[in-house]
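Single-structure report; data block below.
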Amino acid sequence: MTTSKTDFSRLTLGNAPDSWGVWFPLDDHQVSWKQYLDDVANAGYLWTELGPQGFLPQDPAQLRDELAQRGLKVSGGTVFAGLHKGKEALDKAITDFSREARLLTEVDAKFLVHLPEQYTDMHTGAATQSEDIDPEQWSNLISGTDALGKILFEEFGVELVFHPHADTHVDTQDRIERFLQDTDPAFVNLCLDTGHVAYCDGDNLELIERFGERMTYVHIKLVDPVVRERVRAEKLSLAEAVPLGIMVEPPYGVPDVPSLLEALAGLDREIFAVIEQDLYPVAANIPLAIQARAAGYFTALGLGPIRRWPY
């Protein structure tokens, strides 16, 4: 008796600077952009995100050259915005996201990940604003995201994918579902970050089942449930949780990776599956081995493409 193997050919594997502990354009506790590009290629990946806006070279010709030297391609970029704050925040976001969109088009990428502004400091974890969001702020977030997505698509052909995130106003499953119900699917879809959903005790498989048509981009991230319980008990911020090891390398932690991939493959569309493991801060020599092991794990499951040596 034979069993059929799930076809993962429409899931494209990638990685991101986040897996090398990169949270900021420039920071003394982070690897350099050159080391990141060398490492992600040496770990076996063909696809990478750009990381925080300004981390990789911003000159299109230089960026294309650095990528080509290592045989790398770009899946998408990421930009933070606090659209719940209203018009001034939207105006700034249009400027920042448009700049990133122009760079993405120069490297033949079309996905721009919108990260909502955290209400805790990304270095210290201290509260910087209320964790609650009032009706006016929610309305600003929804209308602002719709407007931003429309501009990016109509002016640049770039697709906005919103990234629910711990310590932001779109973190729990209830908030994610409400956000998806309120936004326009023509211009706003989801970057499903499985780790942030699990961090906030959400159900990734249920989200995929109920909102599969909005899943166009995925961050595969895994959470240690034991550390998660400590985070809850001590009411720790994300900046405090990450150094404790809240995010772990595949296949450890939750959600269950094979079940997740089966659900994503069942959507039967082209989806980037970008591995991430929040590690800030981390010693520069640590991430390469972790992400090389991750490449081997996902290859064994049937995902790709993975680099064939020499590159």
Fill in the blank from the handout: So, for the Cα atoms of segment 34-157, Rg and Dmax in Å stand at 16.4, 49
Practice task
With a cut-off of at most 16 other beta carbons within 10 Å, and DSSP calling the residue loop, which trypsin sites (Lys or Arg not before Pro) in segment 253-311 qualify? Please list them.
Solution key: Arg269, Arg308
Handout entry: Inter-label distance, nm, simple model (7 Å from Cα along the C-beta direction), Asp65/Asp7
Key = 4.2 nm
Completion exercise
Over the chain, the quotient of the Cα radius of gyration and 2.2 N^0.38 Å is 0.94
Handout entry: Within the chain, helix-based [θ] at 222 nm, where runs of 4 or more DSSP H residues each add -39,500 (n - 2.57), nearest 500
Key = -12500 deg cm²/dmol
Problem - FRET E, pair Arg293, Asp38, Förster distance 22 Å, beta-carbon r, rounded to 0.05 - result: 0.80
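Leaving out ligands and nucleic acids, and using a 1.4 Å probe, what accessible area per residue does the chain come to in Å²?
Numbers: 13260 Å² over 311 residues.
Solvent-accessible surface per residue comes out at 43 Å².
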Fill in the blank from the handout: In cubic angstrom per residue, the convex hull of segment 123-226 built on its Cα atoms measures 124 Å³
Problem - trypsin sites (Lys or Arg not before Pro) lying in DSSP loop within segment 1-90, provided at most 10 other Cβ fall within 10 Å - result: Lys5
Problem - Loop GluC sites (Glu not before Pro), segment 226-311, which have at most 12 other Cβ atoms in a 10 Å radius of their Cβ (DSSP) - result: Glu270
Practice task
Give, rounded to the nearest 20 debye, the magnitude of the charge dipole that the chain has about its Cα centre when Lys and Arg contribute +1 at Cβ and Asp and Glu contribute -1 at Cβ.
Solution key: 960 debye
Problem - DSSP H segments from the chain that extend 24 Å or more along their own axis, Cα-based, with Kyte-Doolittle mean of -1.0 or above - result: 87-106, 135-156
Handout entry: Segment Asp132-Asp96, extension gain: residue separation times 0.36 nm, minus the distance between their alpha carbons
Key = 10.4 nm
Problem - Geometric extent, Cα atoms of segment 166-311 - Rg, Dmax (angstrom) - result: 15.8, 48
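The values are calculated or read from the model by the stated rules, or taken from the named source; none is laboratory data. In this text the structure is predicted, and so the values were computed from the model without any measurement. Reconstructed Cβ throughout: ideal geometry from the backbone, glycine too, with neighbour counts over all protein chains shown. For accessibility, only protein heavy atoms count, side chains too; no ligands or nucleic acids. Shrake-Rupley method; radii C 1.70, N 1.55, O 1.52, S 1.80 Å.
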